[in-house]
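What follows is one structure encoded as structure tokens, with my remarks underneath.
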Amino acid sequence: MQYLLLIYSAEGSGPVYETPEFGKLMEGYMAMTEEAKQNNVFEGGNALQAVETATSVRVRNGKTETIDGPFAETKEQLGGYYLMNCKDLDEALYYASKIPTAEFGTIEVRPVWEL
Amino acid sequence: MKQDSTARIIEDVVRQEWGRVLSILVSYTRDMELAEDVMQEALIAALQHWGPRGIPESPRAWLLQTARRKAIDRLRRDANFSRKRAEYELLLSLEQQAGLNDTENHMDQDIPDERLRLIFTCCHPALSEGARIALTLRTLGGLTTEEIARAFLVSEGTMAQRLVRAKKKIKLANIPYDIPGPELLAERVQSVFSVIYLIYNEGYAVTSGDTLTRADLCTEAIRLARLLVRLMPDVAEAAGLLSLLLLHDSRRTERTDDQGMFIALIDQDRSRWDRDQIIEGVKILKAALVMGPPGPYQIQAAISAVHAEAESHEATNWHEIALLYEKLFEYQPTSIVQLNAAVALSFAQGPEKGLEMLSEIVCDGTLDDYQPFHAALADLYRRVGNKQKASAAYEQAISLSNNVAEKEFLEKRLQEMAR
């Protein structure tokens, strides 16, 4: 069963780029991604560019509105995701807890709607 | 008359068998909603058949078999099912099992006990606390939605919705129907303990609601704790929880007077505490304590046991209670535990010692709005003869109290300070 692991954190809450702490964070990501791949759980995943680069689109009465910025202005922002194929929620929660950002941000785990 | 008693026997059997049979149905169907629906249908069938024909030799096997057939009927009727491979496979396996069981005469003891899996699913941390409690009462306790709604002072519709939402999440998020592995067990079993403890407290707290229903919650929590001890005999804290509930419960009816007013431990009629529950609670605790270092439920049970075995407030071994609270503080480092330790210490070594310990908590301010803290502080100042400070603390305690009897008591004490 597929789960989407959404990685949220507040701007500036994580380690700063090019510091040893940032290196550790990256190592953590590599290790957990490797573990997920080894166990045939990993289906995909990426980090996202900062919310300043976000564009929101909505169509109302046939007219497309294009808006600068994310869907919701919240303190914690979506910064990346994983798509995992897990046997149950406990396995998905296990990987969520292994995501290094979980230590200062929040990981939302959502089952994928299976057709 | 005869029909009445048959109905009551059926009701009793059903109540005993509900969780047992439902847990197996969930493991067959992997669908809590479907399992509950067919279980309900099997009960209706039982009421129709058992009356005229008598109660079958193995009610459990009868209910299980009937419910299983209902599940097969339902899956067959489901218009969409031909498109769903998983459901088709499920149907085949159900039919196979049913065929197997028709030829053999299954007895109660042949049927496995799957309730532990059901408990862990119902108490999964991915569900809200309210949902965990409601689901545990519904699926393991067999309480009706209406009964649970009444106990928690919400409408039946609200409670029904809460249950439906929880079952939906279990299904769609694929919350496992299993006993957690060793790496998760210690953490998850805590959630099970806390659900049972919360059910008990909901019944124990005399704040509001129908008192009869609330007593039922206490009974139900004890029943669940007993079940847990039977299913996890190696987990000492499960026994600790059961012991704690029994010891609490031995004083339950003496906690309030005829008008429903709260009676403090010091003023309770100890001769009316339930001796059988005390003896059982202490026995279970002793057996648990030899299994290893005690956890927080065993420590709390031990505190309760010291009170239960004391002939009077004065004859209580306060020294031991103070030590037990200190031990509890290692697991629950809260100001409330410290407060209790300080009060126990004051009875063991004098009010000065208690005040000394309390002064540390005063500084950190976390108990500023906690009524029992001001009441305890006032009492300690009264006992050392500091009338001025005692009065101030009594006033604070009175202003924070919302219990009439307690207020009256504190006001009486406050007047004594003015003399």
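Only the coordinates and a few stated rules stand behind these numbers; no lab work does. Everything numeric here is computed off the predicted structure, so don't read it as measured data. So basically every Cβ, Gly included, is an ideal-geometry build from the backbone, and we count neighbours across all protein chains shown.
Computed values, structure above
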quantity	calculated
Relative contact order computed over chain A (Cα-Cα under 8 Å; 6+ residues apart), in percent	50
Crossing angle, helix B:351-364 versus chain B [Cα axis fit, 0-90 degrees, rounded to tens]	70
Bins of 10 Å, starting at 0 and running to the largest distance - Cα pair percent for the protein assembly as shown	3, 13, 20, 21, 19, 14, 7, 2, 0
Sorted by Cβ density within 10 Å, fewest first, the residues B:VAL21, B:VAL164	B:VAL164, B:VAL21
Whole-Å semi-axes of the ellipsoid equivalent to the range B:245-297 (Cα gyration tensor, √5λ, descending)	27, 12, 8
Label point distance in nm, A:ARG58-B:GLN161, each placed 7 Å from Cα along Cα→Cβ	2.5
Chain B: relative contact order in percent, alpha carbon pairs under 8 Å with at least 6 residues between	9
Residues A:THR64, B:THR121, B:THR366, sorted so that the one with the fewest Cβ neighbours within 10 Å comes first	A:THR64, B:THR366, B:THR121
Calculated FRET value between B:GLU411 and B:ALA215, using beta carbons and R₀ = 35 Å, to 0.05	0.65
Sites B:GLU395 and B:GLU11 - FRET efficiency at Förster radius 51 Å, r taken between beta-carbons, to 0.05	0.45
Ordering of B:219-229, A:50-60 by packing [mean C-beta count within 10 Å, highest first]	B:219-229, A:50-60
Helix-only CD estimate at 222 nm, as mean residue ellipticity for chain B, using -39500 (n - 2.57) per DSSP H run (n ≥ 4)	-24000 deg cm²/dmol
Distance histogram for chain B (every C-alpha pair counted, 20 angstrom bins, percent rounded to whole numbers)	22, 49, 23, 6, 0
The range B:373-418: Cα Rg divided by the 2.2 N^0.38 Å rule of thumb	0.99
Peptide-level mean, for B:121-134, of C-beta atoms on other protein chains within 10 Å	1
Average partner coverage of B:173-184, which counts Cβ from other chains inside 10 Å	3
Cα long-axis angle, helix B:371-384 against chain B (0 to 90 degrees, to the nearest 10)	30
Likely footprinting exposure, B:TYR325, B:TYR177, B:TYR297, fewest C-beta neighbours within 10 Å first	B:TYR177, B:TYR325, B:TYR297
Extension gain, B:VAL404 back to B:GLU129 (0.36 nm per residue minus Cα-Cα distance, nm)	95.9 nm
Nearest-0.05 FRET efficiency for A:GLU103 and B:CYS363, computed from C-beta distance (R0 30 Å)	0.45
Value of Rg to Rh for the range A:2-111 (Rh from inverse mean 1/r over Cα pairs, i.e. Kirkwood)	1.04
For q = 0.18, 0.20 Å⁻¹, Debye-computed log10 I/I(0) when each Cα of the range B:251-382 counts as one equal scatterer	-1.13, -1.29
Alpha carbon convex hull of the range B:139-237, volume per residue in cubic angstrom	110
Members of B:LYS327/B:LYS353; A:LYS75/B:LYS167; B:LYS70/B:LYS171; A:LYS24/B:LYS171; B:LYS387/B:LYS407 lying beyond 26 Å, as alpha-carbon distances in this model show	A:LYS75/B:LYS167; A:LYS24/B:LYS171
Peptide-level mean, for A:81-90, of C-beta atoms on other protein chains within 10 Å	3
Label-to-label distance, nm, for residues given as A:THR74 and A:ALA10 (7 Å Cα→Cβ offset)	1.4
